[in-house]
1. Would you look at the GNM of chain C, springs on alpha carbons closer than 10 Å, and say which of C:314, C:204, C:68 moves the most?
2. Sorted by packing (mean other beta-carbon atoms within 10 Å per residue), highest first, where do A:101-113, A:61-73 land?
3. Which value in deg cm²/dmol, rounded to the nearest 500, describes the helix-derived mean residue ellipticity at 222 nm for the protein assembly as shown, given -39,500 (n - 2.57) per DSSP H run of n ≥ 4 and division by the residue count?
4. Which order, highest average first, do B:208-220, C:107-119 follow once you tally other Cβ atoms within 10 Å for each residue and take the mean per peptide?
5. Compute the distance from the alpha-carbon center of segment B:123-189 to that of segment A:15-71, in whole Å.
6. Can you tell me which of C:326, C:137, C:179 moves the most in a GNM of chain C? Springs connect C-alpha atoms under 10 Å apart.
7. Can you put A:239, A:121, C:199 in order of Cβ neighbours within 10 angstrom, beginning with the fewest?
8. Is there a simple number for the mean count of other chain Cβ atoms within 10 Å of the Cβ of residues in A:53-61, and what is it?
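Derivation of every value follows stated rules applied to the coordinates shown; laboratory data play no part. Fair warning: this is a prediction, and the values are worked out from it, not measured in the lab. With ideal geometry, Cβ positions are generated from the backbone for all residues, glycine too; neighbour counts draw on all protein chains shown.
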């Protein structure tokens, strides 16, 4: 029987030279869901994202996307299937301008297929994408070189880079970290809007208040294991979750 | 490496028990030679991430320096060795401060600068005329011994001894001493290392000094087996990297195992096929490793593969 | 009174942005001058052959060869692949061409294109397994491949073994000899520059600067690296193919270290990443080294010294320095 679950993660395990980063993590994601992943520092959130997107090979376990086993695929093949991710440590192409940064993902074969092979308007598409994520259109900001842009803009550039691929699943690794309150406030509705347009999203976040406002469901990790799985309101009452965060900063 | 170095005469099709013993013993010698050569390079590059493409140059320089001290200045043997190791170690240290410091982090420039240094040293000797048969280093002790029917000279026995001792030393050093752990620290995560109070530049310079000194030791012990040939300077680099790739770069057991594999593969190839094919063993090993397990046999951090 | 050095674009450079370059002859000349003059020089030099003599004619040929190899090197460096063995491309191209001519008696008009494309293809295949490696390992393997291939030929005695293959077909006339490499050089120079400025070139440079981000953009970086190697291989193999017929002989010396070290030095001297830089570097380095021929193999030591000095002291290279002077001026600004 063909499994119709959008994303299915089974028993993922990863050790880094004796340190258990992820221990038998399993969960499911339905199409159109916005899933949050929370947990204190060192709980394995970024490792999980790396495992899902092919940057790290698991020791055991499976990742099944739309019925397809993508566990050991290369990152670019996973991206080609429609899974885009941001990086926690933002690293744009510093010498290029903001909109030139987007040309590269727009060059991929996935985009060529989806956009019908029109090459001429890559620059226009890039500018549009930047506007979608909150860059002011009629300013010189999109043309500024990436190394001169403030952190908040670089994070939004990361988002634009993902959107350039027209993904079906978007994985955001601490997108809001380092953003000011107003930047978060302006970016949150963008994410909500994307999700309402059937884009499935996984968000790893420390900013719990904002996350709980828009997530359908939240998973909590601690020391590499999943300790909770449910809607946001359940997380606030969950003893295990509270215990995990005790001793580390509560971002609420 | 010439046929003479291995002391094997190829007798196709005649596999006697002496032949097998000969392969076992000379294979071991060869393996230890490879390990000795690879260790200095591994220490600097594999373990502390500092590229030293001048390694081959330092190796040959050590040989010629010892020769000059012995023949021009008439130094006693022990003094010549000590001075050479010291000078080359110091040279490695200075190389870091003068050349590598300015280009640290830019892989391209590190490679080119150290490579140019190595080539410069080697070709300088070639121009100065250090290319004839008179350039040999003396054996540490003349004489032979019979092991399981196979004649083995003391030099080769000595090589085995020093080689294994150095491997052990390297392992203990990088796992149990403060400096050694610092070496590994800066390769893995320079920022964390700094925050722990390790001074990366000093540590890197020291690792370069140590690595170069080990090149000296290897040269002094191995070069007596033949003449000091300048082209060997380039081969040394190839050996160091082949062993590193096959064994896994940050791993000392990896160096040992890789050397054994490559060493024996070479001897067997040299005995049953043509000696010229021995070089091809390196290339085959590199390609096979990259195809099957790119991080090498013992590579833990999979730097080549997972660059997260 | 504290001063700070400030760099500003020259007025004329600013006036040349976009369409305004056509506003007057001054602007047009400013932009055309650096492009047209070198091309003119290159096209005219062969015509002076009667004046400069056979020896310098040969130097010119070698310069073009090294320039082609330097361009080839620069393209690979643009995608993050540091090669210490351009001799691989040269040698393989040379041997394929020589083989086709020696064994099948094909004329140069066929052997050279076949040698170029076949050579590039073979080199790409050889380098395919090592494209996954980090820059430093790739560098080492490129260093050793030419040495290994030379040994292989020596050991197996194929393709002429140590003597090589001789008595190959020469070129029909002197003008072909002189102009074909010049034209190839110009094609590669302007072609590569165009390539790197297009979006394709952005992808290549992205792979060099941040391959993780490029991978997450659904681009197979290894496929692009392979393409870059192939294109670079075409330039390099052509140099080898051409020289085989120029010299009418091919041997193990086609894999000599010179063909690896010289292009590298020319590129570093001239300015990595600019393509024009390596070309200029070659045209400075080779004639200079010919003048130093008297000192024999000490020349290689000179190259090494130049390499180290450039890498450490003048990393931008001559071309970038000249271009900066052309487009910008400096002044001291009072920052109180």
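1. Of C:314, C:204, C:68, the Gaussian network model singles out C:314 as fluctuating most.
2. Details: A:101-113: 21.7, A:61-73: 16.4.
Packing proxy ranking, top to bottom: A:101-113, A:61-73.
3. Working: 36 runs with 530 residues, N = 896.
Calculated from helices alone, the mean residue ellipticity at 222 nm is -19500 deg cm²/dmol.
4. Details: B:208-220: 27.1, C:107-119: 20.3.
Ranking the peptides B:208-220, C:107-119 by packing returns B:208-220, C:107-119.
5. Answer, in whole Å: 46.
6. Maximum among the listed residues: C:326.
7. Exposure proxy ranking, most exposed first: A:239, A:121, C:199.
8. On the way: counts 2, 3, 6, 4, 3, 0, 0, 0, 0.
Across the residues of A:53-61, the mean count of other-chain Cβ atoms within 10 Å is 2.
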